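These notes concern the structure reproduced below.
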Amino acid sequence: MTTSAIDSSVLIVGASAAGIAVAEGLRRRGHSGPLTLLDNEQHTPYDRPPLSKQYLSGHWDLEQVMLRPQRSLDGLGAVFRLGHSATGLDVARQTVSAGNEAIAADNIVIATGVRARQLPLQHDLLGVHVLRSLDDARELRESLRSTVPTLVVGNGVLGSEIAAATVASGSATTLVGPEPTPMLAQLGSVGSALLSSRHEDAGVVLRGESRVRSLLPDRGSVVGAVLDDGTQLQAGRVIVAIGSTPNTEWLSDSGLDVSDGVLCDGLCRAAPGIWAVGDVARWRHEGLGRDLRLENRTNATEQAAAVTRNILDANAAAPYVPVPYFWSDQYGIKIQAYGFPGDADDSAVIEGSIEEGRFVALATRAGQPVGVLGWGMPKQARLASALLTDLFAGQAAVI
């Protein structure tokens with residue numbers, strides 16, 4: 001670590017999980033220079049994964065969703081500028097515009113995350129929700145006090161988690177999405193089929209390979225939806241979970257490639273002194289030999305650690321080559337996916353059994369390991385993920 005790096009100024013745009021992890025990593029590694037976090041939300045930094053699980057279900061309160069206690073944030077010795085939006089980046093001058101001010105820093109870390117994608121329909125209707133921010137979660141949690149029929153649009157990870165929470169609240173729930181079964185792209189056929197059974201056992205009506213054509217209004221509120229095959233569904237609450245859009249509009253004049261997040265090299269560097277981390281970062285995974293952008297909590301933390309190291313010590317800078325990982329809690333089961341189980345053409349249970357409801361499966365493609373799926377066996381799944389090391393280190397044919 002060089003002396004200049006230790007006392008350099010760092011501006012983190014986005015007080016997200018990734019942004020906070022960068023700030024904590026810098027201080028933990030001895031950084032003593034000025035540190036500023038800029039974020040457009042007024043809230044103290046909070047964690048997003050619990051919003052669709054513990055918080056939405058009512059098992060956690062607001063305090064438990066906060067990323068860190070206030071004393072921990074104060075201990076960073078950082079300036080938090082909450083409620084301030086970044087409006088531009090001058091790469092050459094290394095300044096970020098925020099209102100009428102230009103904030104300069106030796107290193108700028110972009111951690112602005114993503115926002116919920118919306119249906120191109122009547123989103124001014126009462127009863128139509130998305131779930132990305134704390135405000136979204138508060139509004140939706142309050143809405144669940146009413147047990148009107150719920151339609152969840154999008155059968156990926158977020159939509160599946162929301163459906164599990166809404167049906168548990170007592171609301172008749174229908175889950176609609178383009179995949180034949182929930183989370184097929186993430187879990188593969190074995191995990192997705194098992195999850196489908198869990199949903200149906202809980203009372204969720206599954207409508208796979210379907211899209212919403214339009215919403216049905218009545219005096220300013222949503223009362224249902226029409227699917228692409230003409231089917232009409234009754235719904236007093238519609239929750240849209242159809243993916244996300246990287247928050248990069250403020251970078252449109254920066255000269256950076258923001259066609260799908262902020263494009264970075266293998267070090268997560270978008271330009272000299274400019275870095276990106278978390279959901280908004282699209283970086284070159286040198287093990288796979290292709291660009292990758294991951295939207296999950298684990299990546300936010302691990303990528304932040306890599307960026308921190310690369311900022312502080314150019315001599316020790318190393319490519320970020322993780323084995324992708326995410327987890328989901330649904331119906332009391334911890335579901336874990338390492339690598340890309342959804343890209344497999346075959347899988348085999350290597351521990352436990354599907355019948356027992358606890359197992360680890362190795363997913364393969366053309367006979368090569370590409371993913372590990374854990375179902376209620378977290379420790380065993382983590383150990384089995386070592387089978388993917390060669391692939392993600394670039395020592396096997398890439399998928």
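The values are calculated or read from the model by the stated rules, or taken from the named source; none is laboratory data. Since the structure is predicted, the reported quantities are computational estimates derived from the model, not experimental observations. Ideal geometry is used to build each Cβ from the backbone, glycine not excepted, and the neighbour counts take in all protein chains shown. To get the accessible areas, we keep the full protein, side chains included, count just its heavy atoms, and leave off ligands, DNA and RNA. Shrake-Rupley method; radii C 1.70, N 1.55, O 1.52, S 1.80 Å.
Would you mind calculating the gained length between VAL226 and LYS379 on full extension (0.36 nm times residue separation, minus the Cα-Cα distance), in nm to one decimal? Show your work: numbers first, answer last.
Working: separation 153, 0.36 × 153 = 55.08 nm, distance 4.36 nm.
Contour length minus Cα-Cα distance gives 50.7 nm.
How many percent of the alpha carbon pairs in segment 89-145 exceed a separation of 18 Å?
Tail of P(r) above 18 Å: 57 percent of Cα pairs.
I need the helices of the chain that pass two filters: whole DSSP H segments spanning 18 Å or more by Cα along the axis, and mean Kyte-Doolittle score no lower than 0.0.
Values: long enough: 184-202 (22 Å, 0.14); 297-312 (23 Å, -0.34).
Sorted by number, the helices that extend far enough and score high enough are 184-202.
Pick from LEU195, LEU233, LEU121 the residue whose mean-square fluctuation is largest in a GNM of the chain, springs joining Cα atoms under 10 Å.
Fluctuation is largest for LEU121.
Could you tell me what fraction of 2.2 N^0.38 Å the Cα radius of gyration of segment 200-310 comes to, as a two-decimal ratio? Don't skip to the end; give the middle numbers.
Details: Rg = 20.2 Å, N = 111, 2.2 N^0.38 = 13.2 Å.
Its radius of gyration relative to the 2.2 N^0.38 Å reference: 1.53.
Can you tell me which of GLU286, GLU209, GLU295 moves the most in a GNM of the chain? Springs connect C-alpha atoms under 10 Å apart.
In the Gaussian network model the winner is GLU209.
For the chain, what's the relative contact order in percent, using C-alpha pairs closer than 8 Å and at least 6 residues apart?
On the way: 916 pairs, mean separation 60.2, N = 399.
Here the relative contact order equals 15 percent.
Size of segment 279-360 along its principal axes in angstrom, Cα-based, largest extent first?
For segment 279-360, the Cα spread along each principal axis is 51, 28, 22 Å.
Under the 0.36 nm per residue contour assumption, what length would be gained going from the current alpha-carbon distance of ALA193 and MET66 to full extension? Provide the component values of the computation, followed by the final result.
Details: separation 127, 0.36 × 127 = 45.72 nm, distance 3.41 nm.
This chain segment gains 42.3 nm when fully extended.
Ignoring trypsin sites (Lys or Arg not before Pro) that are buried or in helix or strand per DSSP, and keeping those with at most 10 other beta carbon atoms within 10 Å, what is the longest stretch of the chain between them?
Values: sites that count: ARG93, ARG145, ARG219.
The longest such stretch corresponds to 220-399.
Report the Rg/Rh value for segment 76-118, based on alpha-carbon coordinates and the Kirkwood definition of Rh. Mind showing how you got there, number by number?
Details: Rg = 12.1 Å, Rh = 12.0 Å.
Ratio of gyration radius to Kirkwood radius for segment 76-118: 1.01.
Any chance you could list the semi-axes, whole Å, largest first, of the equivalent ellipsoid that the Cα gyration tensor gives for the chain, using √(5λ)? If you can, show how the numbers build up before the last one.
Details: eigenvalues 254, 151, 70 Å².
That gives 36, 28, 19 Å for the three semi-axes.
Gaussian network model of the chain, Cα springs within a sub-10 Å range: biggest mean-square fluctuation belongs to which of ASP136, ASP39, ASP106?
ASP136
If the chain between ASP257 and ASP90 were fully stretched, how many nm would it gain, using 0.36 nm times the residue separation less the Cα-Cα distance? Present the calculation step by step, with values, prior to reporting the outcome.
On the way: separation 167, 0.36 × 167 = 60.12 nm, distance 1.38 nm.
Between ASP257 and ASP90, full extension yields 58.7 nm more.
Would you mind checking which residues have amide H under 5 Å from ARG358's amide H? H placed 1.01 Å from N; only 5 or more apart, or other chain.
SER353
Taking the Cβ of GLY367 as the center, what net charge do the other residues with Cβ under 15 Å away carry, scoring Lys and Arg +1 and Asp and Glu -1?
Computed value for this residue: -3.
Regarding segment 93-234, what whole-number volume in Å³ per residue does the convex hull of its Cα atoms give?
Details: hull volume 22.6 nm³, N = 142.
In segment 93-234, the Cα hull volume divided by residue count equals 159 Å³.
Just the number please: accessible area per residue for segment 1-71, 1.4 Å probe, all protein chains included, in Å².
Working: 3110 Å² over 71 residues.
Result: 44 Å² per residue.
How large is the accessible surface per residue of segment 286-399, computed with a 1.4 Å probe and reported in Å² as a whole number?
Values: 4990 Å² over 114 residues.
Roughly 44 Å² per residue, with all protein chains present.
Given N residues in segment 46-116, what is Rg(Cα) / (2.2 N^0.38 Å)? It would help to have the intermediate numbers written out before the result.
Details: Rg = 16.1 Å, N = 71, 2.2 N^0.38 = 11.1 Å.
So the Cα radius of gyration is 1.44 times the expected 2.2 N^0.38 Å.
Tell me the Rg and the Dmax, in Å, that the Cα atoms of segment 246-293 produce.
10.1, 31
Round to a whole angstrom and tell me the spacing of the C-alpha centers of segment 65-142 and segment 1-57.
If you average the Cα positions of each part, the centres end up 12 Å apart.
Round to a whole angstrom and tell me the spacing of the C-alpha centers of segment 216-286 and segment 334-399.
28 Å
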